[in-house]
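Scroll down for the structure; my scribbles are underneath it.
The values are calculated or read from the model by the stated rules, or taken from the named source; none is laboratory data. Nothing here was measured: the structure is a model prediction, and the numbers come from that model. Positions of Cβ are backbone-derived with ideal geometry, glycine not excepted, and every protein chain shown enters the neighbour counts.
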Amino acid sequence: MADRGARAAALLDTLADVEIPTLGHVLEEGFCDPGVRSLTPVPRLAGVAHTVRLAEPDALAVNRAVVGLARGGVLVIEVAGGLHAPIGAVTAAAVGARGGAGIVVDGPVTDLSALRESGLAVYARGTTCLTTKRLGTAADGVGAPVTVGGTRVRTGDLVLGDENGLLVLDPDTFDPSLADDARRSDLAEPELLTRIRAGEPLDGLLAL
């Protein structure tokens with residue numbers, strides 16, 4: 001597990017200056033469906049997943065996960081049934097107090113104004129007034145694999161996000177050379193845009 005953590009940290013550094021949509025040119029898998037979207041003014045997200053699967057709407061399981069969240073971690077929650085909000089003002093404040101990088105929920109959240117003021121990147125499927133309860137029945141879901149936007153996420157995976165969406169990467173299998181390919185594309189893009197806007201013939205600029 002320590003080796004995986006080191007690989008995840010190294011990969012975060014490698015990808016720090018790479019635009020996430022550019023990775024879409026070189027990857028096909030790991031992208032969450034667009035139903036899980038950014039809800040806060042801080043859409044950029046990069047961190048290591050700490051997962052919670054809520055088979056029942058159990059607020060205490062979420063609290064246990066927050067207490068165990070590492071600095072820079074991303075709390076990733078799958079809400080079975082997708083009806084109850086596991087995150088609101090208090091849990092977001094607690095994630096911030098732990099130094100978390102952000103929150104991803106396959107399901108709704110609540111207290112949207114407070115989330116927008118939290119300074120965290122928060123992704124979810126929307127909002128609701130129906131919230132989780134203090135059940136104490138879903139502790140075994142803390143650290144369990146989850147599915148977010150149709151993509152499998154395990155604790156220790158990388159979660160990357162921006163205003164366009166979310167990408168999940170396994171640090172054990174991701175090929176770092178793909179980051180180099182994406183970075184070269186990012187570096188070339190400003191000149192290409194300038195030439196397009198200057199009116200150069202498109203058949204000499206675009207791959208056909």
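Before we move on, is Pro201 over 28 Å from the mean Cα position of the chain (by Cα) and loosely packed, with under 13 Cβ neighbours inside 10 Å?
For Pro201, the condition - over 28 Å from the mean Cα position of the chain (by Cα) and loosely packed, with under 13 Cβ neighbours inside 10 Å - is met.
Tell me yes or no: at least one residue of segment 12-22 is touching a residue at least 24 places away in the same chain (Cβ under 8 Å), surrounded by 15 or more Cβ atoms within 10 Å (Cβ to Cβ) and either among the aromatic types (Phe, Trp, Tyr) or assigned to a loop (DSSP other than H, G, I, E, B) (or both).
Looking for residues that are touching a residue at least 24 places away in the same chain (Cβ under 8 Å), surrounded by 15 or more Cβ atoms within 10 Å (Cβ to Cβ) and either among the aromatic types (Phe, Trp, Tyr) or assigned to a loop (DSSP other than H, G, I, E, B) (or both), one finds at least one in segment 12-22, hence yes.
Residue check, Glu117 against (1) over 25 Å from Val67 (Cα atoms); (2) at pLDDT 95 or above; (3) more than 12 Å from the chain's Cα centre (by Cα); (4) of a type in the set (Asp, Glu), all met but one. Which one?
With respect to (1) over 25 Å from Val67 (Cα atoms); (2) at pLDDT 95 or above; (3) more than 12 Å from the chain's Cα centre (by Cα); (4) of a type in the set (Asp, Glu), Glu117 is out only on (1).
For Asp181, work out the one condition from (1) at pLDDT below 90; (2) touching a Cys at 6+ places or on another chain (Cβ under 7 Å) it doesn't fulfil.
The one condition Asp181 does not meet is (2).
Got a number for residues in segment 114-143 being within 17 Å of Leu54 (Cα to Cα) and without any contact (Cβ under 8 Å) to a residue 12 or more places away in the chain?
Residues in segment 114-143 being within 17 Å of Leu54 (Cα to Cα) and without any contact (Cβ under 8 Å) to a residue 12 or more places away in the chain: 1 in total.
Going through segment 151-169 one residue at a time, which ones are out of contact with any Cys (no Cβ under 7 Å at 6 or more places or on another chain), in contact (Cβ under 8 Å) with a residue 40 or more places away in the chain and of a type outside the set (A, V, I, L, M)?
Those that are out of contact with any Cys (no Cβ under 7 Å at 6 or more places or on another chain), in contact (Cβ under 8 Å) with a residue 40 or more places away in the chain and of a type outside the set (A, V, I, L, M): Arg154, Thr155, Gly156, Asp157, Gly161, Asp162, Glu163, Asn164.
Considering only residues that are closer than 15 Å to Leu120 by Cβ and among the aliphatic types (A, V, I, L, M), which ones fall in segment 71-84?
Hits for segment 71-84 are Val74, Leu75, Val76, Ile77.
Do you know which of the residues in segment 68-106 that are assigned to a strand (DSSP E or B) and more than 15 Å from the chain's Cα centre (by Cα) is nearest to Leu166 (Cα to Cα)?
Ranking the qualifying residues of segment 68-106, first place goes to Val79.
For segment 148-178, which positions are under 18 Å from the mean Cα position of the chain (by Cα) and small (Gly, Ala, Ser)?
Gly149, Gly150, Gly156, Gly161, Gly165
With more than 30 Å from Arg4 (Cα to Cα) and buried (at least 20 other Cβ atoms within 10 Å of the Cβ) as the only criterion, which of Thr155, Thr128, Thr194, Thr132 stands out?
Among Thr155, Thr128, Thr194, Thr132, only Thr132 is more than 30 Å from Arg4 (Cα to Cα) and buried (at least 20 other Cβ atoms within 10 Å of the Cβ).
For Val26, only one of the following conditions fails: (1) in contact (Cβ under 8 Å) with a residue 12 or more places away in the chain; (2) assigned to a helix (DSSP H, G or I); (3) more than 14 Å from the chain's Cα centre (by Cα); (4) closer than 30 Å to Leu187 by Cβ. What is its number?
(2)
Suppose we filter segment 107-166 for residues that are part of a strand (DSSP E or B), in contact with a helix residue (DSSP H, G or I) (Cβ under 6 Å, 6 or more places away or on another chain) and of a type in the set (Ser, Thr, Tyr); how many remain?
So the answer is 1.
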